[in-house]
Amino acid sequence: MKYIKKIRDYYYQLHLNAYVKAHSTQLKNINSLKNIPKTVLIISNTALGDTLLSLSAIKSFKQSFPDTKIVFLVNQNLVPLFHNYPYIDKIIPFYGGYKKYFETINKIKKQKPEMSIIFHGNGPQDIQISILSGVNFILKHPTNSTLKGYLSFDFNQKYQHTIEDRLDILRKLNAKKIYLKPELPNINNKNIDDKIDKYIGTDNIIIGFQVGAADIYKMWPIENFIKLAKMLIAYKKDITIILTGIQKEYALAERISSIFNNNIINSCGKFSIEELPYLIKKMDLLVTNDTGTMHLAIALDTPTISLFATTNSDISGPHPSLLEKHSIIQKNGLEVQSLPKKQRTNELMKLISVKEVFSKIKEKISHD
């Protein structure tokens, strides 16, 4: 399989090399840009969290350059989140890797973008697609890509929040309106709203638990979530805990919900990506690992308590400007990142105590 992948990657690299040779004057340095182009391709085509971290930059671009058409290349699974999104003019789905590669490029070429801005992309396809779509300028967040020589500007990596990495691209373009808060405003489907109300009820305090994460080492132990649930239910009888996650996390969440007769709802895999924001919006508070669901809650103004030990909240947590509504518990477990991913465990997530999380929750719900 690895051999087949190498042959495939080699083929696409040869195709790119031939194209660049035939179009040697296409790509330009950012210093030669005189005006913001009429059409710009924006790429943020990876997972939910990284895409949501691009929202403030997308809004900032559109508000700064309202006459520019934004063509948005986004993961096909996330397309429903952006229907009628006011800061995007055209959506093109990305299917992952080289799936529908040339079909996707042809769709982009029809829009005639002159610039590509890669807020977060699957490499090397993000830069390849940009070049083959005919753009003259390519800007990307700080990267070590082997194709970075094709970029119109090489941004230096800074110790700063990921949102700031995206916004630095706009600052390079002299954008005048900069927004720090991600925004996902199109929550206006009454049928979905009614469906969620029927599912969870509307009388109790609704607290979400995001029990899973993309990587095991980011996950607070499920035993701690169980202890936290017991403490919360003993503390207040009018609390409903909603367990959120994808279908493959259902069994994990069931380890919590199976213990309790009432007060716990396992919603893992129960709602589509289009419906999930409506569920998160109903919550009074979300207790969450470092996940896309955390960033969705932030974009929806749902208060969060986010749990960090093995990743850095300064980089991927709520932006510092948003900490009035969102609380972070950060412990020093970053040493796990020195290990290969397959060897990393969530042992250091145990540095976050159940009592500490419970105390933060009490502060939040009593304050609200």
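Taken together, the values in this text are just the output of simple stated rules run on the coordinates, not laboratory data. Note that the structure is a prediction, hence the values are computed from the model and not measured. Virtual Cβ from ideal backbone geometry, glycine too; neighbours counted across all protein chains shown.
The table that follows gives values for the structure above.
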read-out	value
Surface/4 estimate of mean projected area, convex hull on alpha-carbon atoms of the stretch 157-230, nm²	9.2
Ordering of 25-33, 251-259 by packing [mean C-beta count within 10 Å, highest first]	251-259, 25-33
Selection from 278, 98, 329 lying farthest towards where the dipole of the chain points positive, charges on Cβ	98
FRET efficiency, 1/(1 + (r/R0)^6) with R0 45 Å, evaluated for residue 144 and residue 223 via beta carbons	0.75
Per-pair calculated FRET efficiency, R0 = 45 Å: residue 63 and residue 261 via Cβ, rounded to 0.05	0.35
Reachable aspartates and glutamates from residue 28, criterion Cα separation under 16 angstrom, eight or more residues apart if same chain	114, 154
Segment residue 230-residue 159, extension gain: residue separation times 0.36 nm, minus the distance between their alpha carbons	21.7 nm
Rounded FRET efficiency, nearest 0.05, which uses the C-beta distance separating residue 110 from residue 186 and R0 of 22 Å	0.30
Residue 29 versus residue 102: modelled label distance in nm, points set 7 Å from Cα along the beta carbon direction	3.5
For the chain, built as a Gaussian network whose Cα springs stay under 10 Å, the top-fluctuating residue of 123, 292, 208	123
Estimated distance in nm for a label pair at residue 21 and residue 178, the labels positioned 7 Å out from Cα along Cα-to-Cβ	4.3
Listed peptides 163-174, 96-107 by packing density, highest first (mean Cβ within 10 Å)	163-174, 96-107
19 Å Cα-Cα reach of residue 364 towards lysines, excluding residues that sit fewer than 8 places from it in its own chain	227, 230, 236, 237, 281, 282, 325, 355
Spin-label model distance (nm) - residue 325 vs residue 363, 7 Å beyond Cα toward Cβ	1.8
Potential lengthening between residue 47 and residue 254 on full extension [0.36 nm per residue; Cα-Cα distance subtracted]	72.1 nm
Cα-centred dipole magnitude for the chain, charges only on beta-carbon of K, R (+1) and D, E (-1), debye, nearest 20	1060
Sparse-neighbourhood loop sites, GluC sites (Glu not before Pro) in the stretch 282-368 - DSSP loop, at most 12 other Cβ within 10 angstrom	324
Spin-label zone in the stretch 221-262 - amide nitrogen under 17 Å from a point set 7 Å from the Cα of residue 355 along the C-beta vector	224-225, 227-232, 235
Dipole in debye (nearest 20) - the stretch 190-367, about Cα centre, beta carbon charges: Lys, Arg +1; Asp, Glu -1	400
The stretch 322-368: trypsin sites (Lys or Arg not before Pro) falling in loop per DSSP and having at most 15 other Cβ within 10 Å	325
Candidate lysines for bridging to residue 6, where Cα separation is under 24 Å - those fewer than 8 sequence places away on the same chain excluded	21, 99, 100, 148, 341, 342
Ranked 116, 338, criterion: other C-beta atoms within 10 Å, fewest first	338, 116
Computed [θ] at 222 nm, helices only, for the chain once each DSSP H run of length n ≥ 4 contributes -39500 (n - 2.57)	-10500 deg cm²/dmol
